[in-house]
2 protein chains.
Amino acid sequence: MPDTVDALVPFSPDRPKTRLSDTLDPEERRAFAEAMLSDVLAALDGAGFTPRLLTTEPTGRDVPETVDDRPLTEAVNAALDAHGPGSPLAVVMADLALATPRALARLRGSVGASGGDGDGDADVAIAPGRGGGTNALLVRHPEFRVDYHGASYLDHLRVARDIDASVREVDSRRLATDIDERADLTEVLLAGDGAARDWLRDAGFGLDAGDGRVSVERARK
Amino acid sequence: MPDTVDALVPFSPDRPKTRLSDTLDPEERRAFAEAMLSDVLAALDGAGFTPRLLTTEPTGRDVPETVDDRPLTEAVNAALDAHGPGSPLAVVMADLALATPRALARLRGSVGASGGDGDGDADVAIAPGRGGGTNALLVRHPEFRVDYHGASYLDHLRVARDIDASVREVDSRRLATDIDERADLTEVLLAGDGAARDWLRDAGFGLDAGDGRVSVERARK
């Protein structure tokens, strides 16, 4: 394992978070998506990754970026091709607003290697998301390619099996929680500690535990 | 840390899983809840815990049990009183159908102690659930008491602060996933490997990834 590991962060500034359209208008969704991206980049940095944006259009951020407007699967696979087989590459979604350096260190394997998740040097490490998604990946096997359609976690297990690659599951609530829908905002308010949490608070969102279950409410707009 | 740690598993055979009533009839909900309980007990066993049921009525299972029909908070606090301050006590919910020995070992701290989560000997370890719940706890502090109403994770952080107890967060998707609603069944089919997954399959449930997002469907009843 080199001192730092490259991490690709796919981002679509042109069509951010459409499943939040019942809760946020387009400009708000864009700002919130940017805040989450900032949190993910900071957490990656804290975990010893070197992030690179894989973006559908230039972002103007002070981070290396590859612009590729193809669908996610094609763009990530092109990046895996370009990266070459010599060193690992992580792929971390831009909406993991609860990600911390500690959680991402487990993806990297620096914790796993000392016993945390075991198998610290598996060919592929996968942090599954709720609903069968693949929220974060670390790829060490030169032949592994992604397929983000449908239940991508199961697909990625199958891909790994087909090329005889070992797989480590990273069992993290923080990495499993991608922020797509209104109910997910509750998680950001409960467990986030960065720009996305601050953005929601500034926009008037708070927790409502009135009826015993916790949900999100907006005091003002 | 002793060789084995007592673990309390609250269970309500009389009113199982009412939020699944749109999907399962009362008898099915009871059978499914029993299957999840079996999985949790097996995983606790595999992680070196000694489970004890805290049940609202006798279960007839071959596991030590305390019968207490009071609400959850009162019953758990009575058990903490009775347990005495000399040794740790875990409280693990009966509907964590994705729990594995490895995930529960992280609660126990046997992994944390070697670097996994750090702070392996914190006064209180908490595995938060989705929506701010407290899905699993390990209590080492003699004054810590629970409050399961509302966003109990935040309440438990507050309780710990008030008694100056250190807290370790157990960041586990498997422990964060309590099975309450229809959408949660997807997680059991995706990542479960025990009696609850088998029960769902036998009852005709399967995954539907038709539209790109994964949900649960029932082929027959």
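The values are calculated or read from the model by the stated rules, or taken from the named source; none is laboratory data. All of these numbers come straight from a predicted model, not from anything done at the bench. Positions of Cβ are generated from backbone atoms using ideal geometry, with glycine treated the same way; all protein chains shown enter the neighbour counts.
What single numbered condition from (1) within 14 Å of chain A (Cβ to nearest Cβ); (2) at pLDDT below 95 fails to hold for B:Pro85?
If we test B:Pro85 against (1) within 14 Å of chain A (Cβ to nearest Cβ); (2) at pLDDT below 95, just (1) comes out false.
So in the stretch B:1-33, with the set limited to residues that are among the acidic types (Asp, Glu) and touching a residue at least 12 places away in the same chain (Cβ under 8 Å), which one is nearest to B:Asp123 (Cα to Cα)?
B:Asp6
What do you reckon, is A:Asp69 out of contact with any Pro (no Cβ under 8 Å at 6 or more places or on another chain) and part of a loop (DSSP other than H, G, I, E, B)?
Yes; evaluated as a whole, the condition is true for this residue.
I'd like to check something: does the stretch A:196-207 contain any residue that is crowded, with 20+ Cβ neighbours inside 10 Å and facing chain B (nearest Cβ under 9 Å)?
First, the residues of the stretch A:196-207 that are crowded, with 20+ Cβ neighbours inside 10 Å: A:196-197, A:199-200, A:205.
With the extra rule that they be facing chain B (nearest Cβ under 9 Å), the set shrinks to none.
Looking through the stretch A:196-207, none of the residues is crowded, with 20+ Cβ neighbours inside 10 Å and facing chain B (nearest Cβ under 9 Å).
Look at the stretch B:59-90 and say how many of its residues are surrounded by 15 or more Cβ atoms within 10 Å (Cβ to Cβ) and among the acidic types (Asp, Glu).
Selection size over the stretch B:59-90: 2.
What is the number of the single condition among (1) under 20 Å from A:Ser172 (Cβ atoms); (2) modelled with pLDDT of 95 or more that B:Val146 does not meet?
So the condition that B:Val146 fails would be (1).
Would you be able to tell me the number of residues in the stretch A:149-188 that are of a type outside the set (Val, Ile, Thr), more than 9 Å from every other protein chain (Cβ to nearest Cβ), buried (at least 19 other Cβ atoms within 10 Å of the Cβ) and part of a helix (DSSP H, G or I)?
Qualifying residue count, the stretch A:149-188: 5.
So which residues in the stretch A:208-221 are in a loop (DSSP other than H, G, I, E, B) and more than 8 Å from chain B (Cβ to nearest Cβ), if there are any at all? Before the answer, list the steps.
So in the stretch A:208-221, the residues in a loop (DSSP other than H, G, I, E, B) come out as A:209-214, A:219-221.
Hits for the stretch A:208-221 are A:Gly210, A:Asp211, A:Ala219, A:Arg220, A:Lys221.
Please enumerate the residues belonging to the stretch B:119-155 that are aromatic (Phe, Trp, Tyr) and within 13 Å of B:Leu89 (Cβ to Cβ).
B:Phe144
Table: residues versus (1) out of contact with any Leu (no Cβ under 7 Å at 6 or more places or on another chain); (2) at pLDDT 95 or above; (3) more than 26 Å from A:Ala127 (Cα to Cα).
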position: B:Thr66; (1), (2), (3): no, yes, yes
position: B:Ala78; (1), (2), (3): yes, yes, yes
position: B:Leu89; (1), (2), (3): no, yes, yes
position: B:Ser110; (1), (2), (3): yes, no, no
position: B:Ile126; (1), (2), (3): no, yes, no
position: B:Leu137; (1), (2), (3): yes, yes, no
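Return only the number of the condition from (1) exposed (fewer than 15 other Cβ atoms within 10 Å of the Cβ); (2) under 18 Å from the mean Cα position of the chain (by Cα); (3) modelled with pLDDT of 95 or more that A:Thr56 does not satisfy.
All conditions are met except number (1).
Kindly evaluate B:Val159 against the criterion of being in contact with a helix residue (DSSP H, G or I) (Cβ under 8 Å, 6 or more places away or on another chain), modelled with pLDDT of 95 or more, at negative phi and hydrophobic (A, V, I, L, M, F, W, C).
no
Please list, ordered by first then second residue, the pairs with beta carbon atoms under 9 Å, 6 or more apart or interchain, first in the stretch B:189-202 and part of a helix (DSSP H, G or I), second of a type in the set (Ser, Thr, Tyr).
Between residues of the stretch B:189-202 that are part of a helix (DSSP H, G or I) and residues that are of a type in the set (Ser, Thr, Tyr), the close pairs are B:Leu190/A:Tyr153; B:Ala191/A:Tyr153; B:Ala191/B:Thr177; B:Ala195/B:Ser38; B:Ala196/B:Ser38.
For the stretch B:83-108, which residues satisfy the criterion of being closer than 17 Å to B:Arg145 by Cα and touching a strand residue (DSSP E or B) at 6+ places or on another chain (Cβ under 8 Å)?
Passing the criteria: B:His83, B:Ser87, B:Pro88, B:Leu89, B:Ala90, B:Val91, B:Val92, B:Met93.
I need a count of the residues in the stretch A:135-146 that are within 14 Å of chain B (Cβ to nearest Cβ) and touching an Asp or Glu at 6+ places or on another chain (Cβ under 8 Å).
Matching residues across the stretch A:135-146 total 1.
Any idea which of (1) surrounded by fewer than 20 Cβ atoms within 10 Å (Cβ to Cβ); (2) within 12 Å of another protein chain (Cβ to nearest Cβ); (3) assigned to a helix (DSSP H, G or I); (4) not hydroxyl-bearing (Ser, Thr, Tyr) is the one A:Leu104 doesn't satisfy?
Failed condition: (1).
Given (1) in a helix (DSSP H, G or I); (2) in contact with a helix residue (DSSP H, G or I) (Cβ under 9 Å, 6 or more places away or on another chain), where does B:Ala75 come up short, assuming only one miss?
(2)
Say we look at the stretch B:4-30 and pick out the residues that are part of a loop (DSSP other than H, G, I, E, B), under 21 Å from the mean Cα position of the chain (by Cα) and charged (D, E, K, R); which of these is surrounded by the most Cβ atoms within 10 Å (Cβ to Cβ)?
Ranking the qualifying residues of the stretch B:4-30, first place goes to B:Lys17.
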